[in-house]
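The block underneath contains the structure these notes are about, expressed in structure tokens.
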Amino acid sequence: MLPPGQALTRKFPVVGERSPGAAAPAAAAWRLSVEGLVAHPLDLSLADLESFGRAERGVDIHCVTGWSRLGNLLSGFPLSKILGEAAVSPVARFVRFVAESPRDHDTSLPLDLALADTWIVDRIDGAPLTEEHGGPVRSVTPSRYFYKSLKWLRRIELLAEDRLGYWERESSYHNVGDPWVGN
């Protein structure tokens with residue numbers, strides 16, 4: 001089933017930036033930090049992510065530009081496992097995701113939603129994520145429009161107060177981003 005106004009595609013369209021920029025490190029040197037309101041900040045290599053136990057998840061992707069791609073098989077790590085290792089402070093209410101990006105792309109989600117629905121992924125449909133689709137690693141939150149899923153993820157911050165993300169600051173995109181209610 002498709003959300004209102006969406007068109008089904010078998011392709012995986014590229015929307016927005018196509019690369020993290022010339023200053024981005026090679027995948028072998030890529031690091032992901034977890035910081036902010038946590039007891040144990042993390043600085044993870046891509047190999048370190050494997051310690052969280054790789055899993056697969058079938059999801060549908062809905063882009064605010066009007067396309068939906070159904071039945072995607074993601075491979076990666078539930079955010080809840082990573083944040084469990086970081087020991088999130090009880091005062092944290094939001095998660096901010098920050099990209100390696102020429103335009104400082106970022107997005108945020110309520111902590112409870114992110115814990116329930118966000119994964120950190122490096123593979124889709126059995127293949128590594130291409131750079132244009134956010135590789136080497138990106139966040140994916142399937143219950144939200146795809147602008148809430150961040151390419152080239154470099155930092156995860158736990159916050160007490162929300163911060164609007166790039167698309168919410170620079171366009172008319174809604175901070176909730178729920179395709180089923182038109183936000």
Two pseudo-spin positions, 7 Å from Cα along C-beta at ARG93 and at ALA26, lie apart in nanometres by 4.5 nm
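In µm²/s, what is D for the range 18-80 at 37 °C and 0.692 mPa s, where D = kT/(6 pi eta Rh) by Stokes-Einstein and Rh is the Kirkwood radius from Cα pairs?
Stokes-Einstein gives a translational diffusion coefficient of 224 µm²/s.
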Can you tell me which of 122-129, 94-101 comes out highest on packing, and rank the rest after it, using the mean Cβ neighbours within 10 Å?
94-101, 122-129
Relative to the compact-globule estimate 2.2 N^0.38 Å (N residues), the Cα gyration radius of the range 70-153 stands at a ratio of 1.06
For the range 65-113, the dipole about the Cα centre with charges only on Cβ (Lys and Arg +1, Asp and Glu -1), to the nearest 20 debye, works out at 140 debye
Diffusion coefficient, µm² s⁻¹, Stokes-Einstein with Kirkwood Rh over alpha-carbon pairs of the range 8-133 at 25 °C and 0.890 mPa s:
153 µm²/s
Kindly provide the helix-only [θ] at 222 nm of the chain, computed as the sum of -39,500 (n - 2.57) over DSSP H runs of four or more divided by all residues, to the nearest 500 deg cm²/dmol?
-3000 deg cm²/dmol
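So what is the accessible area of the chain per residue, in Å², with the probe set to 1.4 Å?
Per residue, the chain has an accessible area of 46 Å².
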Estimated dipole of the chain in Debye, rounded to 20 [Cβ of Lys and Arg +1, of Asp and Glu -1, Cα centre]:
360 debye
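First compute the accessible area of the range 49-152 with a 1.4 Å probe, then give the percent of it belonging to carbon and sulfur atoms.
Within the range 49-152, the accessible surface is 52 percent carbon and sulfur.
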How many nm separate the modelled label positions at GLU17 and THR65, each set 7 Å beyond the Cα in the direction of the Cβ?
1.6 nm
When the charge dipole of the chain is computed with +1 on Lys and Arg Cβ and -1 on Asp and Glu Cβ about the Cα centre, the Cα farthest towards its positive end, among LEU113, LEU8, PHE94, belongs to LEU8
At 7 Å along Cα-to-Cβ for each site, give me the label-to-label distance between ALA116 and ALA47 in nm.
3.8 nm
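The values are calculated or read from the model by the stated rules, or taken from the named source; none is laboratory data. Note that this is a predicted model, so its numbers are computed, not measured. Using ideal geometry, Cβ is built from the backbone for each residue, glycine included, and neighbour counts are taken over all protein chains shown. Accessible surface areas use protein heavy atoms only, side chains included; no ligands, DNA or RNA. Shrake-Rupley method; radii C 1.70, N 1.55, O 1.52, S 1.80 Å.
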